[in-house]
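In what follows, a structure is listed as structure tokens, so that the remarks can point back to it.
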Amino acid sequence: MGFSDFIFNLDNLLWATPLIALTFGLAVVYCIAIKFGNITKAKLQWKLLTKGEGSETGLSAFQTFSTVAAYRVAIGNVGGVMVAIMYGGPGAIFWMIITALVTSAIAYAENSLGQIYKVKMDGQYRGGPYFYMEKGLPKGLGKVMAVIFALFCTIGVPFLVTGPSANNIAQAFELSLGVPKWVVGAVIAVLLFLVISGGVRRIADFSTIIVPFMTIGYLIITIIVLITHASNIPNALGQIFGSAFNTHAIFGGAMGGAFSYGVKRAVNSSGSGFGETPPAAAAAETEHPATQGLVNAFSVYIDVAVCACSGIMAVVSGCFNVLAQDGATWIYTSADSVVAGLQESNTANVIWVQQAANSAIPKVGGIFIAIAITLFAYSTCIAYYYEGESGLAYLMRNSSHKTRMAIIWGIRIVMPIFFFVWTLVTAGTAWAISEVMFALMAWFNLISLIFLLPNVKKVYDDYMNQLKAGVEKPYFDPDKVGVKNVDIWKEINADRIKAGK
């Protein structure tokens with residue numbers, strides 16, 4: 001068995017039904033625990049997002065929201081959606097949207113936990129799953145899980161999961177403009193270094209500019225594609241819903257695949273449950289952990305929008321192929337020759353969306369998608385760097401500041417080199433390695449979220465009860481709520497705790 005076969009088999013093993021069931025099931029439990037506040041509190045989430053200021057120690061709510069959104073809106077929102085359609089049919093789009101909305105409850109949980117258990121280090125707030133595993137889980141179990149998870153973040157995220165982003169950027173520009181992959185990889189690697197070398201504040205400043213711009217631009221190109229193919233919209237919607245519920249003549253037998261691949265790709269796309277976003281959430285300046293949980297759960301809506309745009313563009317333009325459940329027969333072949341030609345290699349990637357855009361705006365549409373993908377993937381890789389830095393900071397929290405910063409600079413230098421190498425690797429292998437890493441992180445993080453459910457609920461209820469009591473800016477008193485090992489909050493809210501208001 002070759003290395004590629006081993007990785008593909010491991011990927012299928014880790015992402016089997018148990019993990020999908022755990023993710024979706026736990027998301028439903030959390031939805032109930034927080035009374036579906038992840039979905040029903042959109043007005044409050046928007047208010048929190050647009051208010052609140054940063055400090056020398058922490059970032060503003062909008063800065064951390066943009067950084068978290070940069071994690072979520074990635075290559076999985078484009079290429080990953082195409083993979084889901086190929087294996088699950090158009091109905092996978094429907095289940096991706098439903099899953100993303102439901103799993104925003106997990107996004108709330110892990111991001112509020114990032115805030116609850118954060119610490120102050122190197123003049124800034126730091127947090128993440130390793131901190132809430134160590135401080136919130138039973139002592140022996142928590143320590144072991146925290147160290148292993150921090151290693152995943154430090155080694156796996158900045159070096160291994162960037163593969164699909166690098167590979168798809170290179171493919172997009174090679175198709176649209178004929179630029180060699182190694183040239184694209186070299187240029188983006190240099191640009192990557194220029195941002196990550198500035199640390200969390202430069203990352204946050206960049207994200208606040210790029211995230212709104214790239215999301216709005218992607219929505220505009222989607223609208224143009226829909227207008228161009230307006231007559232096919234009813235048929236496209238029929239394919240999506242018919243495939244999702246086993247009623248479509250062609251895709252009627254694909255419901256199982258639509259659900260499983262829809263859930264898998266939605267989780268991969270949003271990252272809810274992976275423990276990716278808590279480090280960025282923990283960097284925010286706030287008086288109550290629930291605020292950042294709500295703000296960052298709201299970022300899932302951006303993820304849903306981009307996923308939906310990608311899927312709808314492909315389906316309404318007919319730029320997609322669907323593989324039967326036997327893995328050998330094609331039950332739908334695109335009329336587009338470029339997309340149809342990808343059947344030979346069982347490939348589904350961003351080229352589908354590029355061809356969909358080209359069908360509306362010849363040549364220019366594909367170039368625009370290449371640029372959009374670059375922005376998505378580039379901003380995500382920048383966020384991945386910060387996750388690696390945060391994991392390393394945890395592992396070396398007892399070392400001197402000088403030693404810690406020296407090794408952090410090592411990651412800043414080596415990560416762009418790995419990015420360049422990934423542009424030259426086959427897309428399938430890159431996706432599989434990335435998914436293996438994320439699956440390992442998901443297992444560890446979701447298990448910890450089972451143990452920490454009571455604390456998440458206590459903090460959420462405390463925040464909502466204060467709002468109902470007329471407190472304009474709720475604050476967190478860990479002793480009052482009954483959450484242990486979070487003494488930093490006694491320092492943050494010292495004056496209000498002392499005054500009892």
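No value in this document is a laboratory result; all are computed from the given coordinates. Just so you know, these numbers come straight off a predicted model, no measurement behind them. Cβ sites come from the backbone with ideal geometry, for glycine too, and all protein chains shown count toward neighbours.
Worth a mention:
- Bridgeable aspartates and glutamates around LYS51 (alpha carbons under 17 Å apart, same-chain partners fewer than 8 residues away excluded): ASP205, GLU285, GLU287, GLU472.
- Packing order of peptides 299-312, 482-495, highest average first: 299-312, 482-495 (average count of other Cβ atoms within 10 Å over each peptide's residues).
- Percentage of interatomic Cα-Cα distances in the chain larger than 30 Å: 44
- In the chain, a dipole from Cβ-located charges (positive for Lys and Arg, negative for Asp and Glu) runs towards its positive end, and of LEU342, ALA27, GLY91 it is ALA27 whose Cα lies farthest in that direction.
- Going by neighbour counts of Cβ atoms within 10 Å, the residues TRP46, TRP352 line up, fewest first, as TRP46, TRP352.
- Ordering of 318-331, 272-285 by burial proxy (mean other Cβ atoms within 10 Å per residue, highest first): 272-285, 318-331
- Taking the helices alone, the chain has a mean residue ellipticity at 222 nm of -23500 deg cm²/dmol, built from -39,500 (n - 2.57) per DSSP H run of at least 4 residues and averaged over all its residues.
- Residue order, fewest to most surrounding Cβ atoms within 10 angstrom, among LEU452, LEU294, LEU342: LEU342, LEU452, LEU294
- Of LYS47/LYS480; LYS181/LYS363; LYS47/LYS490; LYS118/LYS468, pairs whose Cα-Cα distance is over 21 Å: LYS47/LYS480; LYS47/LYS490; LYS118/LYS468
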